1. Using all Cα-Cα distances in the range 146-292, what percent lands in each 5 angstrom bin from 0 up to the longest?
2. Compute the distance in nm between two label points, each set 7 Å from the Cα along the Cα-to-Cβ direction, one at Phe80 and one at Glu286.
3. Ranking request for peptides 90-101, 138-149, 166-177: highest mean number of other beta-carbon atoms within 10 Å first, then the rest in descending order.
4. Under 10 °C and 1.306 mPa s, how fast does the range 134-228 diffuse according to Stokes-Einstein, given a Kirkwood radius computed over C-alpha pairs? Answer in µm²/s, whole number.
5. Work out Dmax and Rg for the range 67-154 from the C-alpha atoms and quote the Rg first, both in angstrom.
6. Which entries in Lys213/Lys245; Lys167/Lys281; Lys70/Lys116; Lys116/Lys281 show an alpha-carbon gap greater than 28 Å?
7. With unit charges on the beta carbon (Lys/Arg positive, Asp/Glu negative), name the residue among Pro104, Gln146, Gln162 whose Cα is farthest towards the positive pole of the charge dipole of the range 86-189.
8. Can you give the extra length, in nm with one decimal, that the chain gains between Glu242 and Glu274 once fully stretched, where that is 0.36 nm per residue apart less the Cα-Cα distance?
Amino acid sequence: MAEKTEDPKKQKTRRLLLATAAAVVVAGAVVVFMDEGGDVVVVVEGPSPVNPNKPKGDPFPEAKATATIKGRVVFVGGEFPKPDPEKVPISGEAHCEQAHPELPASENVVIDPATKGIGNVIVWVESETLASFVYPEAAKWFELDQKDCLYRPHVSCVITRQPIRVKNGDPIGHNVNYFSPAGLNAGANPDQPTGVDIPIKDGFARRDVMRFKCDKHTWMGAWMGVVPHRFFDVTDADGTFELPKILVGSGKWTIRAWWEPRSSEAKPTEASVEVTVEEGKTYTIEIPMNLD
């Protein structure tokens with residue numbers, strides 16, 4: 001007797017129910033859908049399992065954090081470099097083209113002509129002391145959006161192990177290809193239908209700069225710094241930054257800066273300065289940067 005074949009529709013329904021039931025065991029909020037190939041995709045939101053790498057330590061001593069470091073990252077290399085490409089090459093997708101009648105300028109080289117300040121630079125304090133404390137901000141979800149076929153924000157920074165939610169604000173599908181160019185943190189490449197959030201619940205465990213891309217729209221990209229404390233900033237378009245409520249009494253702090261590559265063949269640019277902080281004082285510094 002010939003073996004009875006299960007109806008394809010029933011087979012998909014069965015798989016969908018099984019996937020949903022399995023996900024509900026893990027968490028209460030579940031998004032279930034079928035991709036273009038008919039496979040079941042489950043995205044779970046809500047409480048995550050206990051993270052064995054969850055940081056342990058004392059709360060940050062707010063009462064001793066009375067100094068502020070602010071300043072500007074300045075280009076000192078003579079003629080301003082040009083991004084490659086100079087315009088974001090948006091094409092091949094109707095929604096993306098309609099959202100940008102004029103191609104936007106590339107965001108990998110943003111320099112203010114008046115001050116020579118460099119925008120989109122990640123600035124942070126390099127310190128094992130600051131990394132030893134626990135920060136309440138690390139428990140708050142950080143949101144990265146794929147909106148109008150661009151990542152927003154283009155450059156950002158989070159605390160190690162801070163949960164991240166990647167949103168899709170477009171009426172079209174994307175994917176979220178995130179990875180560590182330095183190989184310090186694990187990556188993934190989930191598909192992202194419209195309206196579906198992609199959670200990275202346990203964040204990234206090591207200090208790093210992560211790369212985010214959408215392979216369906218190859219011009220889409222973002223950078224995300226990962227720092228083991230809250231003392232970081234991303235410079236404004238004029239190169240300014242501020243690091244408030246810095247801990248005092250620890251001697252010199254090393255302030256580091258990271259500027260993304262100006263092209264796919266280039267390397268990132270880094271610089272650092274040292275600052276000695278005293279209680280209740282504000283320090284204004286300048287971080288010079290030049291291309292190698």
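Every number here is computed from the coordinates shown, using simple stated rules; none is lab data. Quick caveat: nothing in here was measured; it's all calculated off a predicted structure. FYI the Cβ positions are ideal-geometry reconstructions off the backbone, even for glycines, and counts take in every protein chain you see.
1. All Cα pairs, binned at 5 Å, distribute as 2, 8, 16, 20, 18, 15, 10, 6, 4, 2, 0 percent.
2. A separation of 1.7 nm, rounded to one decimal place.
3. Working: 90-101: 13.1, 138-149: 17.0, 166-177: 18.6.
So the order, starting with the most tightly packed, is 166-177, 138-149, 90-101.
4. Values: Rh = 13.2 Å.
My calculation gives 121 µm²/s for D.
5. 18.0, 50
6. Working: Lys213/Lys245 34 Å; Lys167/Lys281 39 Å; Lys70/Lys116 16 Å; Lys116/Lys281 26 Å.
As for pairs spanning more than 28 Å Cα to Cα, those are Lys213/Lys245; Lys167/Lys281.
7. Going by the Cα projections, it comes out as Gln162.
8. Additional length available on full extension: 10.0 nm.
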